[in-house]
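Novice: I'd like to ask you about the structure that follows.
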Amino acid sequence: VARLSAAEDKDSSVNALADRIARLIAAQGPLSVAQFMAMALYDPQAGYYTLRDPLGAEGDFITAPEVSQMFGELLGLWMIQAWRDQGQPSPARLVELGPGRGTMMADVLRAARADPEFLANLDVVLIEASPPLRAVQAETIKYPTIRWVDHFDDSLSDRPLLVLANEFFDALPIRQFVMADGGWRERMVVADDKGALAFALAPEASSLEIPAERGNAENGAVYEISPAREAIVEQIAHAIAHKGGAALIVDYGYGEGAGFGETLQAVSEHKFAGILEAPGEADLSAHVDFAALAQAAKRAGATAYGPVEQGTFLCNLGIVQRAEALSRNHLQSMEDQLNRLVLPEEMGTLFKVLAIVPKGTSHPPGF
Ligand code: SAH
């Protein structure tokens, strides 16, 4: 009986990717949380996003565009307004980071039919890591010249950029530091001699610049940074500052005034799961530090607005009136969808919106 349960233990705690991660750690030493996340999410054979369509009722989580068409429509109208405010530069490029099932882009392009000039000569580019999701997007979005790329790179920066991202940045890897004995020590992933993964603190303290408004860090406080997120925002903001355009970033997270805390989470089938338990089988994400993203945009020479709460933003853009109009036409109440998107206890407060525009452009709607 003892032997049997030990064998069961091993089966339930280790999958093939966990095995490979443990062997990598044995060979080259502990991984940062960011390196672990990158393997769990993007490993070419077993990464979470490599293999799955995680969205929707049968998937692991549900997002605002999947809740209601109103979300993509209003973001699309916001983008058209930003484009008009900058003198309708053409040809422009519309880019979505991490389009999921393509629902939001389809809603954006449908709303944009109201302005044929916007659609004329518009280059539409989707940045997507997941082959199965690319296939879904190709089905959902009907646009003649649409194309896919793996990463945001400088080849996209030669014309005005209109960038949308919903629940993209939360998926990008973060590093974690823990206050211990008067210093910030990086949290690492280690493996024991049986190959089980565990967290451990790096022996040496790291030198980190912590924003003063975070306040005092007590023993055990956790500070998260994401060089990966900041690098993408800086690149996009740099292009916007020089060529024009706008970016709208929506995600769950915090702005200024945040304290310290750990936000990395694993979600599988709409429930929380263990972070190290079965890498590649659960979604990993962490709250977005919007103050850090706004700083990155400013470093690149652009102006940032927000973050404002999603509920406020959508109400400022007229979502209540839109819901009423749709209810009249469809004889179907849009109230549930509206509530999901804007109520504080639903997505209205936790989710935030950040806009990035060139210096000197007019104040964008919603902020
Ligand atoms: N925006 C969609 C999907 C959110 S899920 C929605 O709101 O429904 C996160 C999306 O980002 C998925 O499409 C995922 O495959 C993609 N993604 C995550 N990390 C990525 C990366 N590093 N590069 C490109 N796409 C990525």
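The values are calculated or read from the model by the stated rules, or taken from the named source; none is laboratory data. Remember, predicted model here, so these are calculated numbers, not experimental data. As a convention, Cβ positions derive from the backbone with ideal geometry for all residues, glycine included, and neighbour counts pool all protein chains shown. Only protein heavy atoms, including side chains, enter the accessible area calculation; ligands, DNA and RNA are left aside. Shrake-Rupley method; radii C 1.70, N 1.55, O 1.52, S 1.80 Å.
Novice: Here's a check for you: in segment 312-345, which residue that is farther than 13 Å from residue 70 by Cβ and in contact (Cβ under 8 Å) with a residue 24 or more places away in the chain is surrounded by the most Cβ atoms within 10 Å (Cβ to Cβ)?
Specialist: So the residue we want is 312.
Novice: Then there is this: Would you say residue 84 is of a type in the set (Lys, Arg) and either within 13 Å of the ligand (Cβ to nearest atom) or assigned to a loop (DSSP other than H, G, I, E, B) (or both)?
Specialist: Numbers: of a type in the set (Lys, Arg): yes; either within 13 Å of the ligand (Cβ to nearest atom) or assigned to a loop (DSSP other than H, G, I, E, B) (or both): no.
For residue 84, the condition - of a type in the set (Lys, Arg) and either within 13 Å of the ligand (Cβ to nearest atom) or assigned to a loop (DSSP other than H, G, I, E, B) (or both) - is not met.
Novice: Give the residue that is farthest from the chain's Cα centre (by Cα), with candidates limited to residues of segment 119-136 that are open to solvent by less than 70 Å² (accessible area, probe 1.4 Å) and more than 19 Å from residue 47 (Cα to Cα). Walk me through how you get there before you give the answer.
Specialist: Our first condition is that a residue be open to solvent by less than 70 Å² (accessible area, probe 1.4 Å); within segment 119-136, this holds for 119-120, 122-130, 132-136.
Next, only the ones that are more than 19 Å from residue 47 (Cα to Cα) stay: 119-120, 122-126.
Details: 119: 26, 120: 29, 122: 24, 123: 23, 124: 19, 125: 17, 126: 14 Å.
Filtering segment 119-136 for residues that are open to solvent by less than 70 Å² (accessible area, probe 1.4 Å) and more than 19 Å from residue 47 (Cα to Cα), the one farthest from the chain's Cα centre (by Cα) comes out as 120.
Novice: How many residues are more than 23 Å from residue 69 (Cα to Cα), open to solvent by less than 40 Å² (accessible area, probe 1.4 Å) and near the ligand (Cβ under 9 Å from one of its atoms) if we restrict to segment 150-169?
Specialist: 1
Novice: Can you tell me which residue in segment 64-73 is farthest from the ligand (Cβ to nearest atom), limited to those that are of a type outside the set (Asp, Glu) and open to solvent by 10 Å² or more (accessible area, probe 1.4 Å)?
Specialist: From segment 64-73, those of a type outside the set (Asp, Glu) are 64-65, 67-72; that's our starting set.
Now narrow it down to the ones that are open to solvent by 10 Å² or more (accessible area, probe 1.4 Å): 65, 67, 69.
Values: 65: 5, 67: 9, 69: 12 Å.
So, considering only residues that are of a type outside the set (Asp, Glu) and open to solvent by 10 Å² or more (accessible area, probe 1.4 Å), the one farthest from the ligand (Cβ to nearest atom) is 69.
Novice: Checking the structure you have, find out if any residue of segment 48-57 is among the β-branched types (Val, Ile, Thr) and at pLDDT 95 or above.
Specialist: Looking only at segment 48-57, we keep the residues that are among the β-branched types (Val, Ile, Thr), and these are 50.
Imposing the further condition that a residue be at pLDDT 95 or above reduces the set to none.
There is no residue in segment 48-57 that is among the β-branched types (Val, Ile, Thr) and at pLDDT 95 or above.
Novice: Additional query: If a residue has to be surrounded by 15 or more Cβ atoms within 10 Å (Cβ to Cβ), touching a residue at least 40 places away in the same chain (Cβ under 8 Å) and at negative phi to count, how many in segment 181-202 make the cut?
Specialist: The number of residues fulfilling the criteria is 10.
Novice: From the residues in segment 37-63 that are open to solvent by 30 Å² or more (accessible area, probe 1.4 Å) and among the acidic types (Asp, Glu), which one is farthest from the ligand (Cβ to nearest atom)?
Specialist: Checked segment 37-63; the qualifying residue farthest from the ligand (Cβ to nearest atom) is 58.
Novice: For segment 293-367, please list each of the helices (runs of 4 or more DSSP H) lying entirely inside it that holds at least 2 residues being small (Gly, Ala, Ser).
Specialist: Details: elements: 310-316, 319-330, 335-342.
Output list reads 319-330.
Novice: For residue 269, are the conditions met, namely being open to solvent by 20 Å² or more (accessible area, probe 1.4 Å) and touching a residue at least 60 places away in the same chain (Cβ under 8 Å)?
Specialist: yes
Novice: Could you list, in sequence order, the residues of segment 279-292 that are assigned to a loop (DSSP other than H, G, I, E, B) and either surrounded by 21 or more Cβ atoms within 10 Å (Cβ to Cβ) or within 11 Å of the chain's Cα centre (by Cα) (or both)?
Specialist: Here is the first cut: in segment 279-292, the residues assigned to a loop (DSSP other than H, G, I, E, B) are 279-282, 286-287.
Listed by number, the residues that qualify are 279, 280, 282, 286, 287.
Novice: Right, here's the next one. Across segment 195-230, what is the total count of residues that are within 16 Å of the ligand (Cβ to nearest atom) and closer than 30 Å to residue 16 by Cβ?
Specialist: Let us first name the residues in segment 195-230 that are within 16 Å of the ligand (Cβ to nearest atom), namely 226-230.
Then keep just the ones that are closer than 30 Å to residue 16 by Cβ; that gives 226-229.
Of the residues in segment 195-230, 4 are within 16 Å of the ligand (Cβ to nearest atom) and closer than 30 Å to residue 16 by Cβ.
Novice: I need the full set of residues from segment 106-135 which are within 9 Å of the ligand (Cβ to nearest atom) and either in a helix (DSSP H, G or I) or under 17 Å from residue 70 (Cβ atoms) (or both), in order please.
Specialist: Residues satisfying the conditions are 132, 133, 134.
Novice: Among the listed residues 241, 217, 228, identify the single one that is part of a helix (DSSP H, G or I), more than 25 Å from residue 367 (Cβ to Cβ) and open to solvent by 30 Å² or more (accessible area, probe 1.4 Å).
Specialist: Numbers: 241 fails: more than 25 Å from residue 367 (Cβ to Cβ); 217 fails: part of a helix (DSSP H, G or I).
Step by step, each of 241, 217, 228 is checked, and only 228 is part of a helix (DSSP H, G or I), more than 25 Å from residue 367 (Cβ to Cβ) and open to solvent by 30 Å² or more (accessible area, probe 1.4 Å).
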